[in-house]
Structures are given as C-alpha cells and as structure tokens.
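As structure tokens, the structure follows; a few thoughts come after it.
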Amino acid sequence: MTYQRIKRAVAARLTKGIYHVGAIIALPGVVIIRLLRPIIRIRFGFFFADRIGHFAFDLEYCLSENALESQRSVRGGDFFFFEGIPANQQLAKLCKKELWVNPMVRTLFIANNWLPGGSEDVLLPARLRNESRDKVGLLRKTPAQLKIGEDDNHHALREMEQFGFESEDKFVCLIARDSAYLQGHLPNRDWSYHNFRDCDVSTYLDAAEKLSDRGYWVFRMGKDV
C-alpha cells in the first residue's frame, strides 16, 4: 500500500474533534521540523493499541527496526501516540518504557499529513505496512527487544500468590479465543467474521486436569474471562 493511500485511509480515523485545532497550532512546528531534516530526523508514529495481537507485534517490530537503525547511527527522535484504548495495560507500560508516547503527538501527525511531502516524517505501524507480518525476516536480525523487568516479575508473583501459587510452582497459560473482548470493548462493529477463530474452552478441560494432576497450575488468559 502506497503512502498516499495509507494517508487517506487513516486520516478520517485519526483526525477528529479537538485534534483539528491542535493540528492547526502545530503546523509551524512541523514546518520547522521539516527544515531541520538535514541535521536531525524527527518522526511521528502511532500504534493500533486496541488489538493485542497487532499491538504486540507492531511494537516489537518497531523496536527491532530502531535497533538496526541505531547501528547505522541515524540521528533523530521518534514520537508516538496510541490509537484506541490499549487492550493490555502492561504492554502499554512496556511500550512507554521503550518509546516516547504522548496523546498530543497525534496533532503533529495530523499536521504533518496536511502538508505535502511528509512520508519521511511518519512511522506507520506494521499493521498498515505489512499486515503485522515479518515478511523480510527482520526479527531474526535482532535479539528480542521487549523485556519484562524484575519489578514486573515480582508484581506478577504477588498477584499469583493470591491464588495460593508459590514461586517454585510450575504453571501453564491457556489461551482459548472467544468473542468477549471484541463484543465488550469494541461493540460498534460487527466482528462475527472472526467467529470461526473462536473455540470452546471446555474442550481444554481434560488437558487442564491432567496438567493439574502433574503439579501444574493452569491459568486461563484473557481480559474478560
């Protein structure tokens, strides 16, 4: 998909309400940023944060791209905003640890789109560029970028201890997709075309009981289950 087609596709979704006024105010700043291109590169980007699959992949992909660019000593700064309410707050927290994220970046992104010749100044999410797929083997060229810190691990352990879990215990995470999240958090769209991907969690019961008999905890993952 060309930059111009993407630009038209995201304009209606990203440009709304008060951000029109903010983008007008931001126009002179964008012009200055354009003039500084030969010295320093400043780019504006965003993540579709309301779908965890796209959010997780696109974030890791972006960080991997940045890691490769840093090896080439590219000077500049990248600034992001979230499109949609983050599906996972921990992932949003990790993102903010790694990147500069602020909702007002949206105004700069919009203002940049209003001016011609802005393709060099945007960082579009992988969801738009390659359908959140690593088609060129980028992730093999860098080590894993997203890492959970010790503080987060300790916090998770404290949460699990509420169920009786102890630090030396073994556990398995069970992911059984259903439509609860999409229907509950993004209700203004018909998501039924995804129903073929859903499954009945009760069909995992035998496996969960076998794991339990062998001393494993089994945690079902999901925002609303």
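FYI, it's all coordinate maths here, none of it is from the lab. Worth saying up front: this structure is predicted, and the values here are computed from it rather than measured. Don't worry about glycine lacking a Cβ; one is built from the backbone with ideal geometry, like all the others, and counts go over all protein chains shown.
Observations on the model:
- Helix-derived mean residue ellipticity, 222 nm - over the chain, DSSP H n ≥ 4, -39500 (n - 2.57), to 500: -13500 deg cm²/dmol
- A full extension of the chain between Thr142 and Ser167 corresponds to an added length of 5.9 nm, given 0.36 nm per residue minus the alpha carbon distance.
- Leading residue at positive end of dipole, the chain (Cβ point charges), from Ala87, Phe55, Ser202: Phe55
- Once C-alpha pairs closer than 8 Å and six or more residues apart are averaged by separation and normalised to the residue number of region 73-215, the relative contact order reads 15 percent.
- Of Lys147, Lys93, Lys210, the residue with the greatest mean-square motion in the GNM of the chain, using alpha carbon springs below 10 Å, is Lys210.
- Degrees, to the nearest 10: 52-71 long Cα axis against longest axis of the chain: 60
- Shape summary: region 159-225 maps onto an equivalent ellipsoid whose semi-axes, from the alpha-carbon gyration tensor, are 29, 15, 7 Å in decreasing order.
- Per DSSP, loop GluC sites (Glu not before Pro) in region 145-225 with at most 10 further Cβ within 10 Å: Glu166, Glu168
- Between Ser70, Ser179, Ser202, the residue with the greatest mean-square fluctuation in the GNM of the chain (Cα pairs under 10 Å linked by springs) is Ser202.
- Options [x] 15.7; [y] 14.6; [z] 12.4 - which one matches mean projected area of the Cα convex hull in nm² as calculated here: [x]
- Among Gly29, Gly164, Gly84: highest mean-square fluctuation, GNM of the chain, C-alpha pairs under 10 Å: Gly164
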